[in-house]
Amino acid sequence: MGQSLAQKTALITGITGQDGSYLAELLLQEGYRVVGMTRRSSTDVHERIEHIVERVDIVSGDLLDQTSMTNIIAQVRPDEVYNLAAQSFVPTSWTQPVLTGEFTALGVTRVLEAIRAIDPSIKFYQASSSEMFGKVAEAPQNERTPFYPRSPYGVAKVYGHWITVNYRESYGLFATSGISFNHESERRAKEFVTRKISDGVARIKLGLTQELRLGNLDARRDWGYAGDYVRAMWLMLQQPQPDDFVIATGRTHSVRDFVRLAFASVDLDYEKYVVQDLRFVRPAEVDVLIGDASKARELLGWQPNVTFEELVDTMVRADLERLGRLVRV
Ligand code: NDP
Ligand code: GDR
């Protein structure tokens, strides 16, 4: 892949994930050379980036392995690093707490150490999470709201956030932490509740199944669209100073709201199909999240474009279309 002198290079860890795929698209549009780090797998994990895989460079590495991280930074010499890789599913963090800490917490330090050793002028983005607010101290949550994580995942993300702040303050790195609230899309993995619902609704509508088993329907989240959130990540690294930013819509809805709307969008009544299943209830829950993104609005000029209602509708339509194609084959 040819590179002009002025062209910037971005390294994305977690390029095969939901956010990685949207961020790669955005950075290609912005004229970047995009390098994506993937970990070795015996199967093809490029599903979400199939449409752009010819336009990005893929390098092999793992957040667990310091040598691979250092070598990648030395070989790629990126201008910007977006650290999106993590064990990102909250329930798994209770069954694999140590691994979650290795990936999601210490993994951040490994990337920062690689940057510090090779080129401290590289800009760094850390994918921090509203799960850090957990049992919330105030509402809405902003950059100064104290953290009270409720899962090993949330605890690991608090570490990732503070090590990012610490490397900024200790070594003067351009290290930025984006505290994103939940963001979803038709590329979301099916274990997360929004996609589980949109996929379930489509299956029921097409007669492939009769029920949808869910956990706590009363949990509330501030849900946005992933495409909007990756734009905020990029904007954060274009600022004159590294900083921390909350990215959120400022609206909160319950899982029940999502379910009701998703079923209603295909003219079904959710109460006939949804079964509560204790297997999906968490040992400790984050009851309600709502973010205050005024700082991002003012300093980044960022605001979300997709509403909750549009998000639900888009996700259900996408699953109906995908499953409809399979059913017809
Ligand atoms: P996904 O789970 O979709 O993607 C995670 C990515 O990390 C995948 O590409 C995965 O690779 C990769 N990965 C996992 N472990 C390792 C490892 N040890 N070494 C290298 N790569 C690894 O997450 P999202 O795209 O939804 O989220 C991106 C980031 O943002 C995550 O850090 C998440 O915790 C954080 N976040 C997400 C929010 C959201 O609502 N989506 C909100 C706030 C924060 P593979 O394909 O091989 O599994
Ligand atoms: P979350 O997302 O834990 O907020 O983390 P998830 O979609 O898994 O859960 C949201 C809420 O829905 C409730 N829920 C269920 N959740 C799942 N997965 N499956 C169910 O059947 C179900 N029933 C009810 C949950 O209890 C919870 O309250 C996401 C991830 O992307 C993190 O990586 C990210 O940091 C945060 O968002 C912000």
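How many Lys pairs in the chain lie less than 15 angstrom apart by Cα atoms, where the lysines are 8 or more positions apart or on different chains?
The number of close lysine pairs in the chain is 4.
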**Fill in**
Extension length gain for ASP269 and GLU169 (0.36 nm per residue less Cα distance), in nm, is 30.7 nm
**Prompt:** Share of the range 210-286's accessible area from carbon and sulfur, percent, 1.4 Å?
**Reply:** 47
**Fill in**
Across 10 Å bins beginning at 0, the whole-percent shares of Cα-Cα pair distances in the chain come to 6, 26, 35, 24, 9, 1, 0
**Largest-first ellipsoid semi-axes for the range 202-297, taking √(5λ) over the Cα gyration tensor eigenvalues, angstrom** = 34, 16, 11
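Considering only the other residues whose Cβ falls under 12 Å of the Cβ of VAL230, what net charge follows from Lys and Arg at +1 and Asp and Glu at -1? Before the final figure, lay out each step's value.
Numbers: positive: ARG187, ARG231; negative: ASP19, GLU25, GLU30, ASP228.
Within the 12 Å Cβ shell, the charges total -2.
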**Item:** Inter-label distance, nm, simple model (7 Å from Cα along the C-beta direction), ILE52/GLU310
**Value:** 1.9
**Request:** With a point put 7 Å past each Cα toward its Cβ, work out how far LEU206 is from ASP257 in nm, to one decimal.
**Result:** 2.9
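Using the Kirkwood radius built from alpha carbon pairs, what does the Stokes-Einstein equation give as D for the range 170-215 at 25 °C and 0.890 mPa s, in µm² per second? Mind showing how you got there, number by number?
Numbers: Rh = 13.3 Å.
Value of D from the Cα-based Kirkwood radius: 184 µm²/s.
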**Asked** How much net charge surrounds THR314 when only other residues with a Cβ under 13 Å from its Cβ are counted (Lys, Arg +1; Asp, Glu -1)?
**Response** -3
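Taking 0.36 nm per residue of sequence separation and subtracting the Cα-Cα distance, how much length would be gained by fully extending the chain between TRP94 and SER294, in nm to one decimal?
Working: separation 200, 0.36 × 200 = 72.00 nm, distance 3.31 nm.
Result for the pair: 68.7 nm of gain on full extension.
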**Prompt:** Which of TYR273, TYR229, TYR125 moves most in a GNM of the chain, Cα contacts under 10 Å?
**Reply:** TYR273
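Please report the projected area of the range 124-194's Cα convex hull averaged over all directions, in nm².
Numbers: hull surface 22.5 nm².
Spelled out: convex hull of the Cα atoms, projected over all directions, averaged, 5.6 nm².
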**Item:** Top positive-direction residue, dipole computed over the chain with Cβ charges, set THR314, PRO78, ILE197
**Value:** ILE197
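How long is the gain from GLU102 to LEU326 if the chain were fully straight, where each residue apart is worth 0.36 nm and the alpha carbon distance is subtracted? Show your work: numbers first, answer last.
Values: separation 224, 0.36 × 224 = 80.64 nm, distance 3.83 nm.
Additional length available on full extension: 76.8 nm.
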**Request:** Would you pull out the residues with amide H under 5 Å of VAL306's amide H, same chain only if 5 or more places away, H placed 1.01 Å from N?
**Result:** TYR225
**Message:** As an exercise, identify the trypsin sites (Lys or Arg not before Pro) in the range 1-64 lying in DSSP coil whose Cβ has no more than 15 other Cβ atoms within 10 Å.
**Reply:** ARG40
**Message:** Take ALA117 and PHE280, extend 7 Å from each Cα along the Cα→Cβ direction, and tell me the distance between the two endpoints in nm.
**Reply:** 4.4
**Asked** Summing Lys, Arg as +1 and Asp, Glu as -1, what charge do residues with Cβ under 11 Å from the Cβ of GLY134 carry, GLY134 excluded?
**Response** 0
**Item:** J(HN,Hα) series, the range 159-169, from Karplus relation 6.51 cos²θ - 1.76 cosθ + 1.60, nearest Hz, glycine and proline x
**Value:** 4, x, 5, 6, 6, 5, 4, 5, 5, 5, 7
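Longest exposed-loop-site-free stretch of the chain, with GluC sites (Glu not before Pro), DSSP loop and at most 13 other Cβ within 10 Å? All intermediate terms of the calculation are to be shown ahead of the outcome.
Working: sites that count: GLU30, GLU50, GLU138, GLU191, GLU211.
The longest uninterrupted stretch comes out as 212-329.
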**Asked** Each residue of the range 138-144 in turn: what ³J(HN,Hα) in whole Hz from Karplus with 6.51, -1.76, 1.60 and θ = phi - 60°, glycine and Pro shown as x?
**Response** 7, 9, x, 8, 10, 5, 9
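Let me know the whole percent of all Cα-Cα pairs from the range 1-118 that are separated by more than 25 Å. Mind dumping the intermediate values first?
Working: 1491 of 6903 pairs.
So the portion of pairs separated by more than 25 Å is 22 percent.
The values are calculated or read from the model by the stated rules, or taken from the named source; none is laboratory data. Computed from a predicted model, the values in this text were never measured in an experiment. Glycine gets a Cβ as well: all are built from the backbone with ideal geometry, and neighbour counts include every protein chain shown. In case anyone asks, the SASA skips ligands and DNA or RNA and just uses the protein heavy atoms, side chains included. Shrake-Rupley method; radii C 1.70, N 1.55, O 1.52, S 1.80 Å.
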